[in-house]
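Chemist: Have a look at this one.
FYI, it's all coordinate maths here, none of it is from the lab. This one's a predicted model, so the numbers in the text were calculated from it and none came from an experiment. In this analysis, Cβ positions are derived from the backbone assuming ideal geometry, glycine residues included, and neighbour counts consider all displayed protein chains.
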Amino acid sequence: MDNRISVPARSTITLGVVEGDLVVNEGALIKGTGFPPIVKVLGSIKCKGRTTFECSLSADSLETEEDTTIQGDLEVRSEVRAEDGRLEVQGKMTAKQIDVDEALCVGKDLAAEEIDVGGALRVDGNVKAETIDVGGSFKARGTVETERVDVGGSLSIESKVSIAKLDIGGAARVAGGRIGEVDVGGSFESTAELEFDEIEVGGAVRLMNKNKGGIINVGGSLRVEGDLEFKEIDVGGKVGITGLADGGKIDVGGKVEVGGPLKLSGDLEVGGIARVDKEASAENIEIGGALQAQKATARNRVEVGGSIRTHEGTTASYIEIGNRGEVRGSLKAQEVVIGKDADAEDIHGGRVLLRKGAHASNIYAEYITIESHCSISGEIQYTKELRTGDRVSLYKPPQRVTNLPS
């Protein structure tokens, strides 16, 4: 006995339970029974052309051609396949596998193992899946929980996420949560607290509130409006963090600005300017241009090509200022080297070297070497040895002392 039901084209029919398969032809309107109305199909459903279901729908499988609208919930026990058209579910949708050529729109929650959409995916509720693959754009208002999201165009999620791997070709925007790996070709933004393992973005990254993660690799710029804990930051352009920056190491080609303390267990390397409103501390500090901080502390070396400006001074084991550099604030290290024609204020060290044409206010050290054409506008105190070159200008005679001032 054939339990299949075929609905004629451009007709209207009311169904309850279909014992076998259901075939719906072009332009048909299907209504359900009960409240809320529903059609239960024990077999498969095939829609040949534009179809509207003014009810909820359940079936083993669903195959559609052209646009199909379901004005209730959709529950499919195996696969949903939509060819050459748009599938709209105004309620919630569940299935094992979903394969839609053009667009899938779901008004409430969406749950599936695999979701594959060639064009656009929009969900007004929550999304739970193992994998989500979208060729164009993916928008969700609710939470998104999945192992992997792969979108060729853009992603916009208005609630928290739990994603192991996020791969976006264009721009991505989320509202915080947890992402293992972020790989975005364009820009990435999180509007709430985000936890991550790795962020790799070709353009710009913007994070808000308190964020905690591992490695950040950005071709353009990184902006954090809040605090950031991290392992490594590697940015080609500019880094701006309004709050605390606590991590391993930072390597930036352009500029770094930190509104709170900067605490690094590794190195700070900046090609241009580093500006820290509080203390900057690291293993090594290497700045091509200028360093500005309330206080700068390195456990090993500080090397600055241009200028240093601090309120409480710079402390390290070794400090070197480049040629024609400028220092505002004291320097304290076992070894201090001031480049040619550079200008420094107070220097405290074990060994101090002023290269040709350099200037300092005061020098307090064990061993001091001052090359030719240098000038000292304050005092010199030393405990072991002083060497001076030709045409050195000294405001006061040098003093050999037993103990140096702190």
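Chemist: Among [x] 1.32; [y] 0.95; [z] 1.02, which one is Rg/Rh (Cα atoms, Kirkwood Rh) computed from these coordinates?
Modeler: Entry [x].
Chemist: If you don't mind, another one. Taking only Cα atoms and a 10 Å spring cutoff, compute GNM fluctuations for the chain and point out the largest among Leu331, Leu264, Leu386.
Modeler: Highest fluctuation among the options: Leu386.
Chemist: Run the numbers for Ala9 and Asp60: contour at 0.36 nm per residue of separation, minus the present Cα-Cα distance, in nm.
Modeler: 16.1 nm
Chemist: Between Lys108 and Lys212, what is the FRET efficiency for a Förster distance of 30 Å, r being their Cβ-Cβ separation, to the nearest 0.05?
Modeler: 0.40
Chemist: Still on this structure: How high is the FRET efficiency between Ser375 and Gln334 when r is their beta carbon distance and R₀ equals 22 Å, given to the nearest 0.05?
Modeler: So, using R0 = 22 Å, E works out to roughly 0.35.
Chemist: Same structure, new question: Hey, any idea what Rg/Rh is for the stretch 232-291, computing Rh the Kirkwood way over Cα pairs?
Modeler: 0.90
Chemist: What list of ³J(HN,Hα) values in whole Hz, one per residue of the stretch 174-183 in order, does the Karplus curve 6.51 cos²θ - 1.76 cosθ + 1.60 (θ = phi - 60°) give from phi, with Gly and Pro shown as x?
Modeler: Those phi angles translate into 10, 10, x, x, 10, 10, x, 10, 10, 10 Hz.
Chemist: Another question about this same structure. Mind giving me the nanometre distance, one decimal, between the label points for Asn323 and Leu29, set 7 Å out from Cα along Cα→Cβ?
Modeler: 8.6
Chemist: Moving to a separate point now. Check Phe188: other-chain or 5+ apart residues with amide H under 5 Å from its amide H, H built from backbone geometry?
Modeler: Ala172, Ala204, Val205, Arg206
Chemist: Quick one: what are the phi-derived ³J(HN,Hα) couplings along the stretch 371-383, Karplus 6.51/-1.76/1.60 with θ = phi - 60°, whole Hz, x for glycine and proline?
Modeler: Listing the rounded values in order: 7, 5, 6, 8, 9, 10, 8, x, 10, 10, 10, 9, 10 Hz.
Chemist: Also, quick follow-up: Between the stretch 123-173 and the stretch 208-244, what is the separation of their alpha carbon centroids in Å?
Modeler: 22
Chemist: Find how much the distance from Ser78 to Glu158 grows on full extension, using 0.36 nm per residue of separation minus their present alpha carbon separation; answer in nm with one decimal. If you can, show how the numbers build up before the last one.
Modeler: Details: separation 80, 0.36 × 80 = 28.80 nm, distance 2.89 nm.
Separation in residues times 0.36 nm, less the Cα-Cα distance, equals 25.9 nm.
Chemist: Right, something else. Could you compute the net charge surrounding Ile319? Neighbours are other residues with a C-beta less than 12 Å from the C-beta of Ile319; K and R count +1, D and E count -1.
Modeler: Its environment carries a net charge of -1.
Chemist: Using a Gaussian network model on the chain with a 10 Å cutoff between Cα atoms, which of Gly288, Gly378, Gly306 fluctuates the most?
Modeler: The residue with the greatest mean-square fluctuation here is Gly378.
Chemist: So, one more: Pairs Lys96/Lys210; Lys212/Lys295; Lys96/Lys165; Lys48/Lys108; Lys165/Lys249; Lys340/Lys396: which exceed 32 Å Cα-Cα?
Modeler: Flagged as over cut-off: Lys96/Lys210.
Chemist: Sticking with the crude label model, points 7 Å out along Cα→Cβ, report the distance from Arg387 to Lys278 in nm, one decimal please.
Modeler: 4.3
Chemist: Hull surface divided by four, with the convex hull built on the Cα atoms of the stretch 298-367: how many nm²?
Modeler: 3.7
Chemist: Which values, in whole Å and largest first, are the semi-axes of the equivalent ellipsoid of the stretch 1-108 obtained as the square root of 5 times each eigenvalue of the Cα gyration tensor?
Modeler: Equivalent-ellipsoid dimensions as semi-axes: 18, 15, 14 Å.
Chemist: Can you list the HN-Hα couplings for the stretch 355-365, worked out from phi with the Karplus curve (6.51, -1.76, 1.60; θ = phi - 60°), rounded to whole Hz and with x for Gly and Pro?
Modeler: 7, 3, x, 7, 10, 9, 7, 9, 10, 10, 7
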